[in-house]
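The values are calculated or read from the model by the stated rules, or taken from the named source; none is laboratory data. Predicted model only: the values in this text are computed from it and were never measured. Don't worry about glycine lacking a Cβ; one is built from the backbone with ideal geometry, like all the others, and counts go over all protein chains shown. With ligands, DNA and RNA removed, areas are computed over all heavy atoms of the protein, side chains included. Shrake-Rupley method; radii C 1.70, N 1.55, O 1.52, S 1.80 Å.
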Amino acid sequence: MVAAPHTGPLRIVFFGTPEFAVPTFDALLQSHHQMVGVVTQPDRPRGRGFEVSDAPVKARAVAAGVPVLQPGRMKDPSFLQAFSALNADLAVVAAYGQILTDKILAVPRLGFVNVHASLLPRYRGAAPVHHAIIAGERETGVTIMRVVKALDAGPMLATVRRSIGPDDTSDEVERDLARLGAGLLVSTVDAFADGHLVEVPQNNAAASYAHRLTKDEGLVDWQQSAERVHNLIRGLHPWPLAYSFLNGKRLILRRSALLAELNAPPGTVVEASGDRLTVAAGTSGVAILEIQAEGKRPMAPREFLAGHRVAPGSHFSSLP
């Protein structure tokens, strides 16, 4: 399917909330298209002090003088009225955080498009980057797609790819994808306006789902291969973070490296001196590069070992 041409700049409403969405917002703001409004999540307590503050997209929109809407519910009639009054040609979504209703989807003349951080149809859902790294994928990307009622299932409009290095963490990959997706989105909006857009249906049979992560999913199973343990640690960085128990205490494992060979029962501490904290897994093992005791700041092994008694032969486990 090819989109019909549109004369002149498009009037755009941007739906987004976290840091991932900011590069796309900035790119649209700097384009020749007209940003007529921003829809973002309601203000919520953030940070260690749980103080109410603006989310990244709202802060950027306020600084740029773009009108901001923050509906608590998509079905709120007052929001539908305010959104309709913006007279948008197109709405762009990037990590907004709420399910859009049919009435909302029907408002813009050209519909909605979404900046999704995976190569669809794989990893539909809320946490595509984390799940791709945890699964050991070597490549990911961004897909620009039309928004339909089914989750992340709309026709694809454009894609860009990014390799995943063996030690890349989810925040590093997501930061790059945010930048790549911003440029891709603007070129896609330009294609909308020019009528050069080609829509490609997704293969639903090849789809997979990347559910929203919980803290419980960070528990390390040392029976698994060292590669899977390493992938979990880097995939869950910087949130919700991987963890394990040692000497009855919960320890957060923030960064790791794969070891070529380590022979010991799974979970066994093989080295614990100087800069070395190594742990055996189901096959080989990992070196812990950054570790954090609950309520404390992250530490490198040398600093951690100076204040915590960890003996070779002790065991990390799944239970306190």
For the stretch 53-198, whose charge dipole is built from +1 on Lys and Arg Cβ atoms and -1 on Asp and Glu Cβ atoms, the candidate among V68, V160, I134 with its Cα farthest towards the positive end is V68
At q = 0.11, 0.16, 0.24, 0.27 1/Å the base-10 log of I(q)/I(0) from the Debye formula over the alpha-carbon atoms of the stretch 56-130 is -0.34, -0.71, -1.28, -1.37
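Take every Cα pair under 8 Å in the stretch 145-269 that's 6+ residues apart, average their separations, divide by the length, and report that relative contact order as a whole percent.
Numbers: 116 pairs, mean separation 28.0, N = 125.
Averaging sequence separation for qualifying contacts and normalising by length gives 22 percent for the stretch 145-269.
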Restricting to Cα pairs under 8 Å and 6 or more apart, the percent relative contact order of the chain works out to 15
The size of the Cβ-based charge dipole (Lys, Arg +1; Asp, Glu -1) of the chain about the Cα centre, to the nearest 20 debye, is 600
Of A272, A127, A205, the most mobile residue in a GNM of the chain (C-alpha springs, cutoff 10 Å) is A205
In Å³ per residue, the alpha-carbon convex hull of the chain encloses 142
Restricting to aspartates and glutamates and to Cα separations under 18 Å from K58, and discarding same-chain partners fewer than 8 apart, the set is E19, D26, D43
So, with points 7 Å from each Cα along the Cβ direction, the D167-V200 label distance in nm works out to 3.4
So, with points 7 Å from each Cα along the Cβ direction, the S208-E303 label distance in nm works out to 3.6
Over the chain, the sum of -39500 (n - 2.57) across DSSP H runs of at least four, divided by residue number and rounded to 500 deg cm²/dmol, gives at 222 nm -7500 deg cm²/dmol
Relative contact order in percent for the stretch 202-300 (Cα pairs under 8 Å, 6+ apart) equals 25
Sorted on mean Cβ neighbours within 10 Å (highest first), peptides 253-262, 220-229 come out as 220-229, 253-262
Descending accessible area (1.4 Å probe), largest on the left, turns I134, I288 into I134, I288
Taking the dipole of the chain about the Cα centre (Lys, Arg +1; Asp, Glu -1; charges at Cβ), the one of N247, P265, S314 that reaches farthest to the positive side is N247
By the mean-Cβ-within-10 Å protection proxy, highest first, 303-312, 15-24 rank as 15-24, 303-312
